[in-house]
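The values are calculated or read from the model by the stated rules, or taken from the named source; none is laboratory data. As the structure is a prediction and not an experimental result, all values here were calculated from the model. Backbone-built Cβ (ideal geometry, glycine too); neighbour counts: all protein chains shown.
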Amino acid sequence: MTTETRTFPPRTLRAVKAVYARQAGCPSSFALAVADFELGVEGVEFKAADTSTVPGWSAAEVAELHEAFGAGVREELAALEPGTTVAVAVVVRSIKVHEVDTHPLAFRQAGRQAVRNALIEAYGPPPAPWPRLS
């Protein structure tokens, strides 16, 4: 574990893709999101771009998915090593859903995966594997 200080993200990270798909019988889970991790003020700001709507889904349903994605992002960022300053604006650019298998928990896990993917893009792979997302 390193104790050097660093800021996340070190630069803007565009089009970070996160997929959470589990098919172990019913119910299954599916979430796909593409987000930008932009430089921001200290803390986490979360926004959804106008392009992140989903045909056939109500604005309230999509907002619930965005909220769950944001919760996953915040959870994963809160677990970063001590000495990491988080100063990020996360912008969801697009999401894809499955008509049956998409639900908020899947998007929460996709948010966590998005942070992991952004960390790999910013700093390279971790020295030890992350725990599996359940």
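Could you run through region 35-66 and say how many residues are under 30 Å from Glu99 (Cα atoms) and modelled with pLDDT of 95 or more?
3
Of everything in region 82-134 that's of a type in the set (A, V, I, L, M) and free of Cβ contacts under 8 Å to residues at least 40 places away in the same chain, which residue is nearest to Thr7 (Cα to Cα)? Quick ask: steps written out before the conclusion?
Taking region 82-134 and keeping what is of a type in the set (A, V, I, L, M), we get 86-92, 95, 97, 100, 105-106, 110, 114-115, 118-120, 122, 128, 133.
Next, from what is left, pick out any that are free of Cβ contacts under 8 Å to residues at least 40 places away in the same chain: 120, 128.
Numbers: Ile120: 14, Ala128: 20 Å.
The residue in question is Ile120.
Any idea how many residues of region 60-96 are more than 9 Å from the chain's Cα centre (by Cα), farther than 17 Å from Phe30 by Cα and not acidic (Asp, Glu)?
The first filter runs over region 60-96 and keeps only residues more than 9 Å from the chain's Cα centre (by Cα), leaving 60-68, 75, 77-89, 91, 93-96.
If we keep only those that are farther than 17 Å from Phe30 by Cα as well, we get 60, 75, 77-89, 91, 93.
So of that shortlist, the ones also not acidic (Asp, Glu) come out as 60, 77-80, 82-89, 91, 93.
Of the residues in region 60-96, 15 are more than 9 Å from the chain's Cα centre (by Cα), farther than 17 Å from Phe30 by Cα and not acidic (Asp, Glu).
For region 100-131, how many residues meet the condition of being closer than 13 Å to Glu67 by Cα and not in a helix (DSSP H, G or I)? Can you show your working first?
Narrowing region 100-131 to residues closer than 13 Å to Glu67 by Cα: 103-112.
Add one more test, that the residue is not in a helix (DSSP H, G or I), and what stays is 103.
Of the residues in that region, 1 qualify.
Of the residues in region 67-91, how many are modelled with pLDDT under 95 and within 11 Å of Leu32 (Cα to Cα)?
Selection size over region 67-91: 0.
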